[in-house]
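The values are calculated or read from the model by the stated rules, or taken from the named source; none is laboratory data. Given the structure is predicted, the values throughout are model-derived calculations rather than measurements. Cβ placement follows ideal geometry from the backbone for every residue including glycine, while neighbour counts extend to all protein chains displayed.
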Amino acid sequence: MNSESPTGRINIDNIRIEPEEAAVFSRWLHILNEAAIPYVVGGAFSVYAYTGIWRDTKDLDAFLPPADVKKALNALSKGGFETEVRDVYWLAKAHQRPYLMDLIFGTSSNQFLINRTWFEQSQPAEILGIKTQLAAVEELIASKVYMLKSNRFDGADIVHLIRGVQGRIDWQRVLNHLKDNREILLLYLILFDFVYPTLSDYLPKELMVNLFEEMREGWPRPKKSKIFRGMVLDPFMFAVDCREWGYENVSNMLPLVNDKGEKI
């Protein structure tokens, strides 16, 4: 994890970032703070805090509950920024091109929404001189496990997060977010063991065994069943299964806000 200040806050101020970009990001965080929006910072800043890996992605990720999206958009718009609801299932944005602020209130696969549990273990931080909160590593991992798309795979981030905190993770919190899709976590734990064969002490081995046993006990499943979870991972690449092969899409795709950002 990155260095802490005497106040116990994680300091993120020694990164390679252009002054204009830093000023825009600082302004966005200040606006959210002034408007008393409940949020935690994720994305590149949180990955850097836990791993030391910095990627200047030109965007700032803030996770917030759906009920606060409209308030955040109003505050940012009043601050002079262009705003939009990009996807009613999970994403709104603020712009000062080429910089973006992603206001994330769910997952792209619509498997869970951002709720108050995201603030229970968040970490106090100071980013570019602004006091804020970082998403806990457990919530970061839970938000990334469904990123198994043809154009994006967050497996490296998850592996680096496990390494960065030396396996000190409350895995039950991660499983609570994943609910019925808990076995997908096994994919990333096996990936970690493959990437870092000498760091197996960082892995929850008993949990890995239990997850595999849960899968094994479900075998064999009825061959006539058309239940299918591919759309949870990539609605584009797996659409053919539902469209042409008759599989049933079990993902619960219900919008969380309307096109104005108001919670539904």
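Checking the condition among the small types (G, A, S) and farther than 24 Å from P65 by Cα, which residue from G261, G246 passes?
Going through G261, G246 in turn, just one is among the small types (G, A, S) and farther than 24 Å from P65 by Cα: G246.
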Please verify whether segment 72-83 includes one or more residues that are touching a Gly at 6+ places or on another chain (Cβ under 7 Å) and in a helix (DSSP H, G or I). yes
Could you list, in sequence order, the residues of segment 21-64 that are of a type in the set (D, E) and either in a strand (DSSP E or B) or free of Cβ contacts under 8 Å to residues at least 40 places away in the same chain (or both)? D59, D61
How about segment 199-216: which of its residues are closer than 14 Å to R182 by Cβ and surrounded by 16 or more Cβ atoms within 10 Å (Cβ to Cβ)? P204, L207, M208, L211
Exclusive hit being at pLDDT below 95 and either of a type in the set (G, A, S) or more than 25 Å from the chain's Cα centre (by Cα) (or both), set K226, K179: K226
Counted residues, segment 70-90 - those being touching a strand residue (DSSP E or B) at 6+ places or on another chain (Cβ under 9 Å) and over 23 Å from S251 (Cα atoms): 12
The one condition in (1) of a type outside the set (S, T, Y); (2) buried (at least 16 other Cβ atoms within 10 Å of the Cβ); (3) modelled with pLDDT under 95 that R221 fails to fulfil: (2)
On the basis of being modelled with pLDDT under 95, closer than 30 Å to G106 by Cβ and either touching a helix residue (DSSP H, G or I) at 6+ places or on another chain (Cβ under 9 Å) or basic (K, R) (or both), does R216 make the cut? no
Of everything in segment 218-234, what is touching a residue at least 40 places away in the same chain (Cβ under 8 Å) and assigned to a loop (DSSP other than H, G, I, E, B)? Give them in sequence order. R229, D234
Test each condition in (1) in contact (Cβ under 8 Å) with a residue 40 or more places away in the chain; (2) out of contact with any helix residue (DSSP H, G or I) (no Cβ under 6 Å at 6 or more places or on another chain) for R173 and report the one that comes out false. (2)
Could you check how many residues of segment 128-152 are of a type in the set (A, V, I, L, M, F, W, C), modelled with pLDDT under 95 and in a strand (DSSP E or B)? 1
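Listed here are the residues, each with its yes/no results for (1) surrounded by fewer than 19 Cβ atoms within 10 Å (Cβ to Cβ); (2) touching a residue at least 12 places away in the same chain (Cβ under 8 Å); (3) farther than 23 Å from D170 by Cα; (4) aliphatic (A, V, I, L, M).
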{"residue": "F105", "(1), (2), (3), (4)": "no, yes, no, no"}
{"residue": "R116", "(1), (2), (3), (4)": "yes, yes, no, no"}
{"residue": "A125", "(1), (2), (3), (4)": "no, yes, no, yes"}
{"residue": "G129", "(1), (2), (3), (4)": "yes, yes, yes, no"}
{"residue": "V137", "(1), (2), (3), (4)": "no, yes, no, yes"}
{"residue": "K149", "(1), (2), (3), (4)": "yes, yes, yes, no"}
{"residue": "D154", "(1), (2), (3), (4)": "no, no, no, no"}
{"residue": "I158", "(1), (2), (3), (4)": "no, yes, no, yes"}
Restricting to segment 178-205, name every residue that is touching a residue at least 24 places away in the same chain (Cβ under 8 Å) and part of a loop (DSSP other than H, G, I, E, B). R182, E183, Y196, L199, L203, P204
Go through the residues of segment 175-188 one by one and say whether even a single one is surrounded by 11 or more Cβ atoms within 10 Å (Cβ to Cβ) and under 18 Å from S46 (Cα atoms). no
Could you check segment 108-134 and list, in sequence order, the residues that are in contact with a His (Cβ under 9 Å, 6 or more places away or on another chain) and within 16 Å of L32 (Cα to Cα)? I130
